[in-house]
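A.B. asks: Before I ask anything, let me first share the structure, which is written out below as structure tokens.
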Amino acid sequence: MNNNMIIARSERALRGQIWEWRGLGETIAFVPTMGALHAGHMSLVEMAKREADKVVVSIFVNPTQFAEGEDLDSYPRTEEADLALLDAHGADLIYIPKDGSMYNAHHATSIKVGGVADGLETDHRPTFFDGVSLVVTKLLNRVAPDIAVFGEKDYQQLATIRRLVEDLDMPIQILGAPIARDDHGLALSSRNQYFDAEGLAIARRLNEIMRHCALQMERGENVDVARDIAAKALLTAGFSGIDYIEVRSPNSLTVLEGGILNGPARLLVAAHCRGVRLIDNFPVEPH
Ligand code: PAF
């Protein structure tokens, strides 16, 4: 490692280093990840670097956020490449908890966020945010950062974590980083590496179709009409199914009634392409 980047594989090593930095008056920003890192993650690291003296990144494929039949076993694990990328981007400490050290055999606590975590993803992955909320709480407790950075790509996850941190009185500022996209507009995701060339070409249509949908709503098209047109376009493009195309208020994620938008909203989508589930979201700002 060129950058004197520290790798901590135990909670003790992590806390010891954080303690030392705290003693020197350094501020700490934290980026939790599940590894398989790409340029999207690096944009979170860059944001963290701008906001604090030290940047801590965790790599942990969290079993509690995967349901039965999901890709926990096959989720890409690329530790060596991840560490090289993080070193090149100037991260200061990488926390890689050992398997089994996150949840002990007696673990019996769960965390359920309501409100923003209801609907959307939860309708299709009912235990997902329980798993995310639990691991994020544990990681925030262990790292005890001043700031934590999450991607806006997982828009409902970001809203859920903001709610969790506020409700549990954690003195941590949560920052959302803009979605990083490839040259064709596809939101970067660790799961994009599951695509072959044909699948990738289909996946890349999502951005264009959803942007058009957002534009129609901004111009006063009825929300249901615009969503129907987008759904048909996705299926025609080769998507095999759509979990949701929904328009919500940007912060509280409440359902917007009325058919025609008259204020800012967020368009959220989850759709299946060649066995990969893609999620994305777009601002809608009616003129
Ligand atoms: O967004 C992710 O990669 C994960 O959900 C997170 C926040 C690292 C928790 O495991």
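A.B. asks: Among (1) within 16 Å of the ligand (Cβ to nearest atom); (2) surrounded by fewer than 18 Cβ atoms within 10 Å (Cβ to Cβ); (3) closer than 12 Å to LEU93 by Cα, there is one condition LEU14 misses while meeting the rest; what is its number?
C.D. replies: Every listed condition holds for LEU14 apart from (2).
A.B. asks: If the requirement is being under 24 Å from ALA117 (Cα atoms), acidic (Asp, Glu) and at pLDDT 95 or above, which of these qualifies: ASP182, ASP224?
C.D. replies: Values: ASP182 fails: under 24 Å from ALA117 (Cα atoms).
Testing whether each residue is under 24 Å from ALA117 (Cα atoms), acidic (Asp, Glu) and at pLDDT 95 or above leaves just ASP224.
A.B. asks: Would you pick out the residues in the stretch 49-69 that are surrounded by 14 or more Cβ atoms within 10 Å (Cβ to Cβ) and either at pLDDT below 95 or part of a loop (DSSP other than H, G, I, E, B) (or both)?
C.D. replies: ALA52, ASP53, PHE60, VAL61, ASN62, PHE66
Each row is one residue, and each column tells you yes or no for (1) among the β-branched types (Val, Ile, Thr); (2) within 16 Å of the ligand (Cβ to nearest atom).
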position: ALA36; (1), (2): no, yes
position: LYS49; (1), (2): no, no
position: ALA52; (1), (2): no, no
position: VAL57; (1), (2): yes, yes
position: GLY69; (1), (2): no, no
position: LEU72; (1), (2): no, yes
position: PRO76; (1), (2): no, yes
position: ASP82; (1), (2): no, yes
position: ALA105; (1), (2): no, no
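A.B. asks: Name the pairs: first residue in the stretch 1-27 and assigned to a helix (DSSP H, G or I), second residue among the aromatic types (Phe, Trp, Tyr) and surrounded by 13 or more Cβ atoms within 10 Å (Cβ to Cβ), Cβ to Cβ under 7 Å, at least 6 apart or on different chains?
C.D. replies: Once the first residue is assigned to a helix (DSSP H, G or I) and sits in the stretch 1-27, its partners that are among the aromatic types (Phe, Trp, Tyr) and surrounded by 13 or more Cβ atoms within 10 Å (Cβ to Cβ) give LEU14/TYR95.
A.B. asks: Across the stretch 172-198, what is the total count of residues that are within 12 Å of the ligand (Cβ to nearest atom) and on the phi > 0 side of the Ramachandran plot?
C.D. replies: Summing the residues that are within 12 Å of the ligand (Cβ to nearest atom) and on the phi > 0 side of the Ramachandran plot in the stretch 172-198 gives 0.
A.B. asks: Let me ask you something else. Which of the residues spanning the stretch 121-140 are farther than 10 Å from THR160 by Cβ and either free of Cβ contacts under 8 Å to residues at least 24 places away in the same chain or among the hydrophobic types (A, V, I, L, M, F, W, C) (or both)?
C.D. replies: Across the stretch 121-140, the qualifying residues are LEU134, VAL135, LEU139, LEU140.
A.B. asks: Exactly one of (1) in contact with a helix residue (DSSP H, G or I) (Cβ under 9 Å, 6 or more places away or on another chain); (2) assigned to a helix (DSSP H, G or I) is unmet by LYS138. Its number?
C.D. replies: (1)
A.B. asks: Six or more apart or on different chains, Cβ under 6 Å: which pairs go from a residue in the stretch 259-287 that's touching a residue at least 60 places away in the same chain (Cβ under 8 Å) to one that's polar (S, T, N, Q) and assigned to a strand (DSSP E or B)? Could you list them?
C.D. replies: Between residues of the stretch 259-287 that are touching a residue at least 60 places away in the same chain (Cβ under 8 Å) and residues that are polar (S, T, N, Q) and assigned to a strand (DSSP E or B), the close pairs are ARG266/ASN281; LEU268/ASN281.
Let's see how each residue does on (1) within 16 Å of the ligand (Cβ to nearest atom); (2) among the aliphatic types (A, V, I, L, M):
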position: LYS153; (1), (2): yes, no
position: MET170; (1), (2): yes, yes
position: ALA203; (1), (2): no, yes
position: ASN207; (1), (2): no, no
position: ASP228; (1), (2): no, no
position: LYS232; (1), (2): no, no
position: ALA237; (1), (2): no, yes
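A.B. asks: Can you pull out the residues in the stretch 77-100 that are at pLDDT below 95 and at negative phi?
C.D. replies: Those that are at pLDDT below 95 and at negative phi: LYS98, ASP99.
A.B. asks: I would also like to ask the following. Show the residue pairs that are 6+ apart or on different chains and have beta-carbon atoms under 6 Å apart, the first residue being within the stretch 49-72 and on the phi < 0 side of the Ramachandran plot, the second being modelled with pLDDT of 95 or more and of a type in the set (Lys, Arg).
C.D. replies: Pairs that qualify, where the first residue is on the phi < 0 side of the Ramachandran plot and the partner is modelled with pLDDT of 95 or more and of a type in the set (Lys, Arg), are VAL55/LYS49.
A.B. asks: Determine if the stretch 117-124 includes at least one residue that is within 20 Å of ALA48 (Cβ to Cβ) and more than 15 Å from the ligand (Cβ to nearest atom).
C.D. replies: no
A.B. asks: Hey, GLU166 hits all of (1) within 26 Å of PHE239 (Cβ to Cβ); (2) without any contact (Cβ under 8 Å) to a residue 24 or more places away in the chain but one; which does it fall short on?
C.D. replies: The failed condition is (1).
The values are calculated or read from the model by the stated rules, or taken from the named source; none is laboratory data. Here the structure is a predicted model, which means the values were calculated and not measured. For neighbour counting, all protein chains shown are included, and Cβ atoms are generated from backbone atoms with ideal geometry for every residue, glycine included.
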